[in-house]
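First the structure, in the form of structure tokens, and then the observations on it.
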Amino acid sequence: MQKGDIVVDTVRKRVGKVMDTANRPNQGPILILRPPRGGLEWDALVADCRPAEPSELVSVQSLILAGPMR
């Protein structure tokens with residue numbers, strides 16, 4: 001997974017856009033994620049994430065077209 005990918009954090013059950021990656025001591029590789037419409041970033045272990053499925057991508061695209069959250 002790389003910057004710009006849309007993924008699902010299976011632990012938090014949230015969809016996020018990969019903003020960056022890092023390697024944390026004692027945790028391993030992580031993804032820094034942000035909600036597709038903007039908002040606060042969160043960290044997730046790479047092992048806890050999977051690529052978003054096509055049906056999830058359609059939902060995300062609809063949200064992005066709706067504009068930023070208020």
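Please specify each residue of segment 1-31 satisfying the condition of being outside any loop (DSSP other than H, G, I, E, B), surrounded by fewer than 16 Cβ atoms within 10 Å (Cβ to Cβ) and aliphatic (A, V, I, L, M).
Applying the first criterion (outside any loop (DSSP other than H, G, I, E, B)) to segment 1-31 yields 6-9, 14-24, 28-31.
When the remaining residues are screened for being surrounded by fewer than 16 Cβ atoms within 10 Å (Cβ to Cβ), the result is 14, 19-24, 28-29.
Selection gives Met19, Ala22.
Yes or no, residue by residue, for (1) within 9 Å of the chain's Cα centre (by Cα); (2) at negative phi:
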residue	(1), (2)
Gln2	no, yes
Gly16	yes, yes
Pro25	no, yes
Gly38	no, no
Cys49	yes, yes
Ser55	no, yes
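Among the residues of segment 40-57, write down those that are at pLDDT 95 or above and outside any helix (DSSP H, G or I). Quick ask: steps written out before the conclusion?
Applying the first criterion (at pLDDT 95 or above) to segment 40-57 yields 40-51.
Residues satisfying the conditions are Leu40, Glu41, Trp42, Asp43, Ala44, Leu45, Cys49, Arg50, Pro51.
Does any residue in segment 18-37 that is modelled with pLDDT of 95 or more come within less than 7 Å, Cβ to Cβ, of a residue that is basic (Lys, Arg) and assigned to a strand (DSSP E or B) six or more places away or on a different chain, and which pairs are these?
That search, which allows pairs on different chains as well, returns Met19/Arg34; Ile30/Arg24; Leu33/Lys17; Arg34/Lys17.
The values are calculated or read from the model by the stated rules, or taken from the named source; none is laboratory data. The model shown is predicted, which means the values in this text are computed figures rather than measured ones. Positions of Cβ are backbone-derived with ideal geometry, glycine not excepted, and every protein chain shown enters the neighbour counts.
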